[in-house]
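Student: Just dropping this structure here.
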Amino acid sequence: MKKELVCVICPNGCFLEADVVQGESGTEVRQVEGALCKKGVKWASQELVEPLRTIASSVLVEGGEIPLASVRTDQAIPLEAIGRVMEEIKKITVRAPVRIGDVILVRPSGAACNIIATRNVSPKGGQ
Amino acid sequence: MGPKELKKGVVVVGGGPAGLAAAVSAKASGCDDVVIIERGRMLGGILNQCIHDGFGLHRFKEALSGPEYAQRFIDQVQDLGIETLLNTMVLSINDSREILASSREGLFRIRAGAVVLAMGCRERTAGAIFLPGTRPAGVYTAGVAQNLINLQNIMVGEEAVIMGSGDIGLIMARRLALEGASVKGVYEILPYPSGLPRNIQQCLKDFGIPLHLSTTVVELHGRARLKGVTVARVDEARRVIQGTESFIPCDTLLLSVGLIPENELSREAGVAIEPLTGGALVDDTLMTSVEGVFSCGNVLHVHDLVDHVSEEADMAGHFAARFAVGEMKPRDSYIPIAPGRGVRYVLPQKISGEMDVVISLRVAEPMEQKAIVGRDQNGRGIFRKKQVKLHPAVMMRIKVKKEKLQGVSSMEVGVEG
Ligand code: SF4
């Protein structure tokens, strides 16, 4: 069976056509066409078995120069886990200062990723 | 007593991604007194509110969020000791590179060796202005909604419709969905989306948000707060097809109907504007029609990737520094470049022919299995680049070696079979 998909790894957004068969061990991806680079082939094989995505959001900051610090996953996680991870992120409040790369959450709801801060937030009224 | 007067080497107007990269590059290219003038209270510009990742894949080989990408440049600006004036507004620039600016301390004048224009762009709102119906609360441009949600912790609504399929609109559709809002759909008047294919996938399809092409919002409803919109299908001439109207209940409408380079200052300085890009007409050093005034980033032409903005700004900053230290010879003859069949615009619009150039362009409509071809005054091919897919949402950058430009007195870049 032919499946069409878009590789989201880089902005080229290659349109891929994958040949998929249902083997004994589940979905198998046979041939992938249209990828400008090798990553796309690997991506298609992953995408058709278990799609992975990164997500970004923000958490509340107490005592900061701005009220929010943006955060993101440091690894791609299964698409279906995003809702649960977002719920965990929403519960979090941190105190300023926040530095880029600070780990805000470790393995939220068991997902294989950490949530890291993506902006610096200085305390209100000074460094 | 008149305003205070300063003298500077390179003055960069705007502290967003283009301004930051231009300033760093100007300093690295040998200009000692570089200053960035930013009207906001922080550097980084629009990147501060672009918290999704995907920035920096070209530049840093990493998928960074907007604030992280900006911070890499802000760190360099600080390490290099580049002066930054925040909360400072440039009021005017004249054609002898005299800048009038104002800050809390009052008005001041700067005589600049060279100027880099890096003011970015703003969002088009015309789509909503011409809509019939009421003027309720709940209508935002996608970028304003992004600022409210990501920087100010203000949620814009619970049931949203997105008008236009620009990248910011697509990214905000996902953001709203992640925050628990119901996104009813994205309505695009054109028969193809205007955002990048990867955003159609990861912002809409991943979240089950429908994309309606050749469909647009035709009327707003609600008194104090938006209660819904009427959408309708359009024909090839973008005229509403009677009888296809339907009502979509929603409390929020986000507009993602295009970006416009912010060139008021440039115009006042006498910079010639190219109608096809809405930005300055530039040569291959990114110098505008006003000597010593350079332009880069979204104020020059709207980009889809910040990596390309930085690359372009590197170049503008480099040549601005060369100009400021008196190392750039004036030239009087250029090779003009014009868009040919199937190409919406090309940039730069004129080149010296004496150095390698990067030609940026966008095609006029989606196409498959074509080539971008540059031809000289006699129709001889200068370059040819085959493409599997061509899309107006994707800006292309093509490098042309100077050896290929020998004997060329004009160039046309078009799409061929
Ligand atoms: S296949 Fe390679 S080039 Fe194409 S989108 Fe994926 S990563 Fe980018």
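Student: Which one of B:Gly180, B:Gly228, B:Gly16 has the biggest mean-square fluctuation once chain B is modelled by GNM with Cα springs under 10 Å?
Tutor: Sorting by GNM fluctuation, first place goes to B:Gly180.
Student: Looking at the square roots a ≥ b ≥ c of the eigenvalues of the Cα gyration tensor of the stretch B:121-272, which shape do they give, rounded for a/c under 1.5, prolate if a/b is larger than b/c, or oblate?
Tutor: Rounded, since a/c falls under 1.5.
Student: Computed on alpha carbon atoms, what radius of gyration and Dmax characterise the stretch B:192-264, expressed in Å?
Tutor: My reading of the Cα-based Rg and Dmax gives 14.6, 42 Å.
Student: When only DSSP loop residues count, what trypsin sites (Lys or Arg not before Pro) in the stretch B:14-87 have their Cβ near at most 16 other Cβ atoms within 10 Å?
Tutor: Counting only loop positions with at most 16 other Cβ atoms within 10 Å, the trypsin sites (Lys or Arg not before Pro) in the stretch B:14-87 are B:Arg41, B:Lys61.
Student: Explain nothing, just the number: relative contact order of the stretch A:2-50, from Cα pairs under 8 Å at least 6 residues apart, as a whole percent.
Tutor: 32
Student: For the stretch B:308-395, which trypsin sites (Lys or Arg not before Pro) pass both filters: DSSP loop (anything but H, G, I, E, B) and at most 15 other C-beta atoms within 10 Å?
Tutor: Passing sites in the stretch B:308-395 are B:Arg331, B:Arg341, B:Arg380.
Student: With each pseudo-label sitting 7 Å past Cα toward Cβ, what's the B:Arg267-B:Asp235 distance in nm, one decimal?
Tutor: For the pair B:Arg267/B:Asp235, the computed spacing is 3.5 nm.
Student: Got the relative contact order for the stretch B:110-212 handy, in percent, Cα pairs under 8 Å and 6 or more residues apart?
Tutor: Once normalised by length, the contact order is 22 percent.
Student: Now for a different question. For the protein assembly as shown, just the Cα set please: Rg and Dmax, both in angstrom.
Tutor: Rg and Dmax of the protein assembly as shown, Cα atoms, are 24.2, 87 Å.
Student: First obtain the Kirkwood hydrodynamic radius of the stretch B:218-355 from its Cα pairs, then insert it into the Stokes-Einstein equation at 25 °C and 0.890 mPa s, and state the resulting D in µm² per second as a whole number.
Tutor: 134
Student: About the Cα centre, and with charges only on the beta carbon of Lys, Arg (+1) and Asp, Glu (-1), how big is the dipole of the stretch B:60-169? Nearest 20 debye, please.
Tutor: It works out to roughly 380 debye.
Student: Inside 10 Å of the C-beta atoms of B:177-188, what's the mean count of C-beta atoms belonging to other chains?
Tutor: 2
Student: Okay, moving on. May I ask you to rank B:His301, B:His58 by accessible area, largest first, using a 1.4 Å probe over the protein chains only?
Tutor: Accessible-area ranking of B:His301, B:His58, largest first: B:His58, B:His301.
Student: Show me, for the stretch B:221-235, the HN-Hα J-couplings you get by feeding each phi into the Karplus relation (A = 6.51, B = -1.76, C = 1.60, θ = phi - 60°), rounded to Hz, glycine and proline as x.
Tutor: Whole-Hz 3J(HN,Hα) from phi for the stretch B:221-235: 10, x, 9, 6, 10, 4, 10, x, 10, 9, 10, 8, 7, 10, 8.
Student: Post the alpha-carbon centroid distance, the stretch B:340-397 to the stretch B:59-117, in whole angstrom.
Tutor: 32
Student: For B:Tyr345, what residues show an amide H to amide H distance below 5 Å, using hydrogens built from the backbone and excluding near sequence neighbours?
Tutor: B:Arg362
Student: Where does the stretch A:21-121 land on Rg/Rh, using Cα atoms and the Kirkwood Rh?
Tutor: My calculation of the ratio gives 1.14.
Student: Evaluate peptide A:8-17: per residue, the Cβ atoms of other protein chains within 10 Å of its Cβ; return the mean as an integer.
Tutor: Partner-chain Cβ atoms within 10 Å, mean over residues of A:8-17: 6.
Student: Shifting gears a bit: If you count only protein heavy atoms with a 1.4 Å probe, what accessible area per residue comes out for the protein assembly as shown, rounded to a whole Å²?
Tutor: In whole numbers, the protein assembly as shown has 45 Å² accessible per residue.
Student: Now a separate question. Mind putting a number on the dipole of chain A about its Cα centre? Charges go on the C-beta only, +1 for Lys and Arg and -1 for Asp and Glu, and I need it in Debye to the nearest 20.
Tutor: For this selection, approximately 500 debye.
Student: Just to be sure I understand the rule: take each whole DSSP H helix in chain B, project its Cα atoms onto its long axis, keep it if the span is 24 Å or more and its mean Kyte-Doolittle hydropathy is at least -1.0. Which ones pass?
Tutor: Passing helices, by number: B:306-324.
Student: Still on this model: What residues in the stretch A:85-114 lose 20 Å² or more of accessible surface when the other protein chains are added to their chain alone (1.4 Å probe)?
Tutor: A:Met86, A:Lys90, A:Ile100
Student: How about the stretch B:307-380: which chymotrypsin sites (Phe, Trp or Tyr not before Pro) there lie in a loop by DSSP and see at most 16 other Cβ atoms within 10 Å?
Tutor: B:Tyr334
Student: Further, regarding this structure: Over the Cα atoms of the stretch B:11-52, compute the convex hull volume and normalise it per residue, giving Å³.
Tutor: Roughly 63 Å³ of hull volume per residue.
Student: Loop sites only, by DSSP: take the GluC sites (Glu not before Pro) in chain B that have at most 11 other C-beta atoms within 10 Å and name the longest stretch containing none of them.
Tutor: B:106-235
Student: While we're here: Across every pair of different alpha-carbon atoms, what Kirkwood hydrodynamic radius in Å does the stretch B:334-417 reach?
Tutor: After inverting the mean inverse Cα-Cα distance, the result is 12.6 Å.
Student: Also, quick follow-up: Return the distance in nm (one decimal) between the two label points of a simple spin-label model at B:Arg41 and B:Asn153, each offset 7 Å from Cα along Cα→Cβ.
Tutor: It is 1.5 nm.
Student: At a threshold of 8 angstrom on Cα-Cα distance, excluding pairs fewer than six apart, so keeping six or more, what relative contact order does chain B reach in percent?
Tutor: Across chain B, relative contact order equals 16 percent.
Student: About its Cα centre, how strong a charge dipole does chain B have in debye, to the nearest 20, once Lys and Arg get +1 and Asp and Glu get -1 at the Cβ?
Tutor: 540
Student: Compare the Cα positions of B:Cys50, B:Thr125, B:Ser182 along the charge dipole of the protein assembly as shown (+1 at Cβ of Lys, Arg; -1 at Cβ of Asp, Glu; about the Cα centre) and return the one farthest towards the positive end.
Tutor: Value computed over the given set: B:Thr125.
Student: Ignoring ligands, DNA and RNA, how much accessible area is buried between chains B and A, both sides summed, with a 1.4 Å probe, to the nearest 100 Å²?
Tutor: Heavy-atom accessible area buried at this interface is about 2600 Å².
Student: Continuing with the same structure: How many partner chain Cβ atoms sit within 10 Å of a residue's Cβ in peptide B:53-65, on average, as a whole number?
Tutor: Mean partner shielding for this stretch: 3.
Student: Another question, if that's okay. At 222 nm, what helix-only mean residue ellipticity would chain B give, in deg cm²/dmol to the nearest 500, using -39500 (n - 2.57) for each DSSP H run of four or more?
Tutor: Theoretical 222 nm ellipticity from helices: -5500 deg cm²/dmol.
Student: May I ask you to give the average projected area over all directions of the convex hull of the Cα atoms of the stretch A:1-66, in nm² rounded to one decimal?
Tutor: For the Cα atoms of the stretch A:1-66, the hull's average projected area reads 6.7 nm².
Student: For the stretch B:334-417, compute the number of Lys pairs whose alpha carbons are separated by less than 22 Å, excluding pairs fewer than 8 positions apart on the same chain.
Tutor: Value for the stretch B:334-417: 20.
Student: Something else about it: For chain A, what does the helix formula give at 222 nm: sum of -39500 (n - 2.57) over DSSP H segments with n ≥ 4, over the residue count, nearest 500 deg cm²/dmol?
Tutor: When only DSSP H runs of four or more count, the value is -5000 deg cm²/dmol.
Student: So what is log10(I(q)/I(0)) for chain B at q = 0.11, 0.12 1/Å, when the Debye sum runs over its Cα atoms only?
Tutor: -0.88, -1.03
Student: Another question, if that's okay. So how many Lys-Lys pairs in chain A land under 30 Å Cα to Cα, not counting same-chain pairs under 8 apart?
Tutor: 8
The values are calculated or read from the model by the stated rules, or taken from the named source; none is laboratory data. The structure presented is a predicted model; accordingly, all values stated were derived computationally and were not measured. A quick note on method: Cβ atoms are made from the backbone with ideal geometry, for glycine too, and the neighbour counts reach across all protein chains shown. Calculation scope for accessible area: heavy atoms of the full protein, side chains included, ligands and nucleic acids excluded. Shrake-Rupley method; radii C 1.70, N 1.55, O 1.52, S 1.80 Å.
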